[in-house]
Amino acid sequence: MKFTSKPLVLLFMLAFLSSCVDNLDFDQVDLDIDPIFTSPLVFLELDQNDFFDADNSVEITTVADISDFTTLQSSVVQDNLTQAVFNVEVENRFDRSFLIEVDLLDDDNNVTYSFTDYLITANDLNYTATNRIFPQSTPDFLNSTRMNIVLTILPSSNQLDPNIPKTLKFKSAGIYYLSF
Amino acid sequence: MKKHLLFFILFIIVSVSVKAQQQIAFSFGESPQTLMLNPGAETNFSRHYGIPIFSNFSLTLGTTGFELADLFLKDNRDFTSKFRDVLSKVNQDDYININAKIDILNGGYRYDDRTYISFGFYQEVDIITYMPKDIAELFYYGNQPYLNRAFSFSQISMKADILGVLHAGISRKVDEKLNIGARVKIYSSSLNVESTNNSGTLTTFNNIENILRQSLNNLDVQFRTSGLIASNDEFLENPGDLFSKTFLGGNLGLGLDFGLTYHFTPQIEFTGSILDFGFIRHSKNTRSYSAKGDFTFDGINFEFDPDNPRDYWQELEDDFDDKVPTEETQDAYTSWRPMKINAALKYSFGQVRNKECYVNTRKQYYYNAIGFQVHTIMRPLRPQFSFTSFFETSISEKIHTKFTHTVNDYSAKIIGSGISLQIGKVHLFGLVDNILGVRNIATIENISFNFGINLVVD
């Protein structure tokens, strides 16, 4: 029996090449990547002492605080954010209503986005609100680098008593819809 | 951007390794390349010269958990849907395995009646990456759909190497029953990327303090690279440079192979080997990244204290850096080679032939043999094991064939075959593992080829 190497090599090459891949299409890669990330944002808990001066004699109607918030400055967010959702939950054990204003600011403290003012009625223990922001229609939103919250206790015939414990709890979370 | 992200996800998801690509060649035929799988293999020639580049080439591609067709079949299905299906069906034990090995130089000569010396140089690309399903789904879907799910970083386990191996081995006949051998290897790694033994989880869940809490628990993640980033912080730009450094120009290491052949009787033969018992010391162009710690995030707690204004965000960043320190170093490190263990038991029978060997001795050969062999390769998560039963038959004194059935991580129905023939001084061998899949690579999870041409002087 006489063998030559050529048929063997051809056999293997044929097997290798014909094995293939003619039923595959590697050009079809068109992947939609649309992750949704969520994270906690600001939370706070105030009691009636926070609405009095140091002597507990004069009622303070408005308190405010501010923090940097640079999540939106990430290049991934800047380039791919399609929608953001701001979820709020409030538990108000005061016999007074509150107005909560939440604003986003840029580096120069210009307002870039104002959420709807949240009006929390007295003793509302299950207040919830959701805001949706679409950066395409509110481009200044992506310039936000700070978050400012102002709480105003609304006038009422019910006076605050610093000796009776009352609390206001504010919770928030953000949801970020990305699309690559 | 989208494609880059896809490949990044695939890279993370997938893992590669040098599987058992050559095991069906183990203890087969009278190829001088058998010495590369068992330095204690018997040799019956006085010299051999490998044809440069062609003396031994092997390629193994393997995936578990999905097939190429799941993603790339021409079926008019939306690619995103197919990708999601694949992501859904794989688990963290699945992996992608790629290994290619090519002989650049190979030769050998008989030192005396009992001793055969062989040497050479080959290049190898070896990648294994397990499927970090949790991390892939976290990147792909985000954490919002998976509240309360602990995304595990321990699923990140991968290793990729490009290296050259300069080697010299000796096979020595101890007596009529026993032949032993060993091989020394000098590794020259031009690229190593590895991330193993990671731990930690990331969980987002509802909480009392705030609507959500994010918790990073027991994080301990490390990536080590060498050859990927130069000392001037430039990424490797020309992949061709990787192969030029494989001849003693990369990070060096040392390894040993051991092997033996033992004849219980003239018809019953045991062969065994341990390959790549060695390490590489990476000290050039190394870059390692690590993060370790625990962190719980409830959000920013506004305290409304105008007398003590706080920089909450900076405090948060400082707290995170303090509790989860990250580190980038250029420290040297040691990487172990994936050790392989082979063993085969063979029973020969049938027509007997006598072969004149390199000296004035004759040796008896049987035309047929059956047996089984096992192959194990040490991998980052766990050893990969395969079991092969085989039948060998010789068509003539110069033509030998082998047929195998292998059970491994990929499949329980891998049929392989090989042929070894000598025409004059030219010795050729070729083996295909998973012959049933050769006709349609798209639908198989594993396939390997191995062939080579050598000149043999009896």
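The values are calculated or read from the model by the stated rules, or taken from the named source; none is laboratory data. Fair warning: this is a prediction, and the values are worked out from it, not measured in the lab. A quick note on method: Cβ atoms are made from the backbone with ideal geometry, for glycine too, and the neighbour counts reach across all protein chains shown. For accessibility, only protein heavy atoms count, side chains too; no ligands or nucleic acids. Shrake-Rupley method; radii C 1.70, N 1.55, O 1.52, S 1.80 Å.
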Test set (1) touching a strand residue (DSSP E or B) at 6+ places or on another chain (Cβ under 8 Å); (2) surrounded by 13 or more Cβ atoms within 10 Å (Cβ to Cβ) - residue A:128 fails condition number
(2)
Out of the residues in region B:69-117 that are open to solvent by 60 Å² or more (accessible area, probe 1.4 Å) and within 14 Å of chain A (Cβ to nearest Cβ), state the one that is nearest to residue B:46 (Cα to Cα).
B:74
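Take the conditions out of contact with any Asp or Glu (no Cβ under 8 Å at 6 or more places or on another chain) and within 14 Å of chain B (Cβ to nearest Cβ) and apply them to residue A:104. Does it pass?
Values: out of contact with any Asp or Glu (no Cβ under 8 Å at 6 or more places or on another chain): yes; within 14 Å of chain B (Cβ to nearest Cβ): yes.
In short, yes.
Could you tell me how many of the residues in region B:118-161 are within 14 Å of chain A (Cβ to nearest Cβ) and within 26 Å of the chain's Cα centre (by Cα)? Before the answer, list the steps.
The first filter runs over region B:118-161 and keeps only residues within 14 Å of chain A (Cβ to nearest Cβ), leaving B:134-149, B:151.
Next, from what is left, pick out any that are within 26 Å of the chain's Cα centre (by Cα): B:134-137.
Residues that pass the stated criteria total 4.
Within region A:42-93, work out how many residues are among the aromatic types (Phe, Trp, Tyr) and modelled with pLDDT of 95 or more. Explain how you work it out, then say what you get.
We begin by selecting, within region A:42-93, every residue among the aromatic types (Phe, Trp, Tyr); these are A:43, A:51-52, A:69, A:86.
If we keep only those that are modelled with pLDDT of 95 or more too, we end up with A:43, A:86.
Number satisfying all stated conditions: 2.
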Would you confirm, using the coordinates I've provided, whether residue A:57 is open to solvent by less than 70 Å² (accessible area, probe 1.4 Å) and either within 12 Å of chain B (Cβ to nearest Cβ) or in a loop (DSSP other than H, G, I, E, B) (or both)?
no
Can you tell me which residue within region B:187-204, out of those that are part of a strand (DSSP E or B) and more than 19 Å from the chain's Cα centre (by Cα), is surrounded by the most Cβ atoms within 10 Å (Cβ to Cβ)?
B:204
Working only within region B:10-40, note down all residues that are modelled with pLDDT of 85 or more and out of contact with any strand residue (DSSP E or B) (no Cβ under 6 Å at 6 or more places or on another chain).
B:34, B:36, B:37
Close pairs from region B:223-237: first at pLDDT 90 or above, partner outside any loop (DSSP other than H, G, I, E, B) and basic (Lys, Arg), Cβ under 9 Å, at least 6 apart
B:223/B:287; B:224/B:287; B:225/B:287; B:226/B:287
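Please state which one of B:227, B:181, B:169 is closer than 17 Å to residue B:289 by Cβ and touching a helix residue (DSSP H, G or I) at 6+ places or on another chain (Cβ under 8 Å).
On the way: B:181 fails: closer than 17 Å to residue B:289 by Cβ; B:169 fails: closer than 17 Å to residue B:289 by Cβ.
Going through B:227, B:181, B:169 in turn, just one is closer than 17 Å to residue B:289 by Cβ and touching a helix residue (DSSP H, G or I) at 6+ places or on another chain (Cβ under 8 Å): B:227.
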Based on this model, can you work out whether residue A:45 counts as more than 10 Å from every other protein chain (Cβ to nearest Cβ), at negative phi, in a strand (DSSP E or B) and touching a residue at least 12 places away in the same chain (Cβ under 8 Å)?
no
Looking only at region A:139-154, count how many residues are in contact (Cβ under 8 Å) with a residue 12 or more places away in the chain and open to solvent by 40 Å² or more (accessible area, probe 1.4 Å).
4
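Condition check: of a type in the set (A, V, I, L, M), surrounded by fewer than 16 Cβ atoms within 10 Å (Cβ to Cβ) and more than 30 Å from residue B:42 (Cα to Cα). Does residue B:291 satisfy that? Walk me through it before giving the result.
Working: of a type in the set (A, V, I, L, M): yes; surrounded by fewer than 16 Cβ atoms within 10 Å (Cβ to Cβ): no; more than 30 Å from residue B:42 (Cα to Cα): yes.
Against the criterion (of a type in the set (A, V, I, L, M), surrounded by fewer than 16 Cβ atoms within 10 Å (Cβ to Cβ) and more than 30 Å from residue B:42 (Cα to Cα)), residue B:291 does not qualify.
Could you please find all residues in region B:406-430 being in a strand (DSSP E or B) and either of a type in the set (Lys, Arg) or within 12 Å of another protein chain (Cβ to nearest Cβ) (or both)? Show your work before the answer.
Going through region B:406-430, the residues in a strand (DSSP E or B) turn out to be B:406-407, B:414-423, B:426-430.
Listed by number, the residues that qualify are B:417, B:418, B:419, B:420, B:421, B:422, B:423, B:426, B:427, B:428, B:429, B:430.
Residue under question is residue B:317, and the condition is that it be within 13 Å of chain A (Cβ to nearest Cβ), open to solvent by 60 Å² or more (accessible area, probe 1.4 Å) and closer than 30 Å to residue B:195 by Cα; does it hold?
Values: within 13 Å of chain A (Cβ to nearest Cβ): yes; open to solvent by 60 Å² or more (accessible area, probe 1.4 Å): yes; closer than 30 Å to residue B:195 by Cα: yes.
The answer is yes for residue B:317.
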Contact list please: Cβ distance under 8 Å, first residue in region B:130-157 and more than 16 Å from residue A:177 (Cα to Cα) and hydrophobic (A, V, I, L, M, F, W, C), second residue open to solvent by 50 Å² or more (accessible area, probe 1.4 Å) and in a helix (DSSP H, G or I), pairs at least six apart or on different chains.
none
How about region B:379-395: which of its residues are surrounded by fewer than 16 Cβ atoms within 10 Å (Cβ to Cβ), among the aliphatic types (A, V, I, L, M) and within 17 Å of the chain's Cα centre (by Cα)?
none
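Which of the residues belonging to region A:78-108 are part of a strand (DSSP E or B) and small (Gly, Ala, Ser)? Spell out the reasoning first.
Of region A:78-108, the ones part of a strand (DSSP E or B) are A:81-92, A:98-105.
Once the filter is applied, which keeps residues that are part of a strand (DSSP E or B) and small (Gly, Ala, Ser), region A:78-108 yields only A:84.
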Kindly establish whether residue B:261 is of a type in the set (S, T, N, Q) and within 14 Å of chain A (Cβ to nearest Cβ).
no
Can you tell which of A:78, A:83 is in contact with a Lys or Arg (Cβ under 8 Å, 6 or more places away or on another chain), over 23 Å from residue B:306 (Cα atoms) and away from chain B (no Cβ under 11 Å)?
A:83
Looking at region B:366-378, is at least one residue away from chain A (no Cβ under 11 Å), within 30 Å of residue B:157 (Cβ to Cβ) and modelled with pLDDT under 85?
no
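Which of the residues spanning region A:150-170 are closer than 21 Å to residue A:105 by Cβ and basic (Lys, Arg)?
Initial filter on region A:150-170 (closer than 21 Å to residue A:105 by Cβ): A:150-152, A:170.
Those that are closer than 21 Å to residue A:105 by Cβ and basic (Lys, Arg): none in region A:150-170.
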State yes or no: is residue B:271 crowded, with 16+ Cβ neighbours inside 10 Å, under 25 Å from the mean Cα position of the chain (by Cα), of a type in the set (Ser, Thr, Tyr) and farther than 27 Å from residue B:193 by Cα?
yes
Does residue B:59 satisfy being within 22 Å of residue B:379 (Cβ to Cβ) and touching a strand residue (DSSP E or B) at 6+ places or on another chain (Cβ under 8 Å)?
yes
Within region A:95-103, is even one residue surrounded by fewer than 15 Cβ atoms within 10 Å (Cβ to Cβ) and hydroxyl-bearing (Ser, Thr, Tyr)?
no
Looking at this structure, is residue A:151 within 11 Å of another protein chain (Cβ to nearest Cβ), closer than 16 Å to residue A:95 by Cα, out of contact with any Cys (no Cβ under 9 Å at 6 or more places or on another chain) and of a type outside the set (D, E, K, R)?
yes
What's the number of the condition residue A:34 fails, among (1) of a type outside the set (S, T, N, Q); (2) under 30 Å from residue A:137 (Cα atoms); (3) out of contact with any helix residue (DSSP H, G or I) (no Cβ under 6 Å at 6 or more places or on another chain); (4) at the interface with chain B (Cβ under 7 Å from one of its Cβ atoms)?
(4)
Can you list residue pairs whose Cβ atoms sit under 6 Å apart, with the first residue in region B:316-345 being free of Cβ contacts under 8 Å to residues at least 40 places away in the same chain and the second being hydrophobic (A, V, I, L, M, F, W, C)? Count only pairs 6 or more apart in sequence or on different chains.
B:320/B:295; B:323/B:295; B:326/B:291
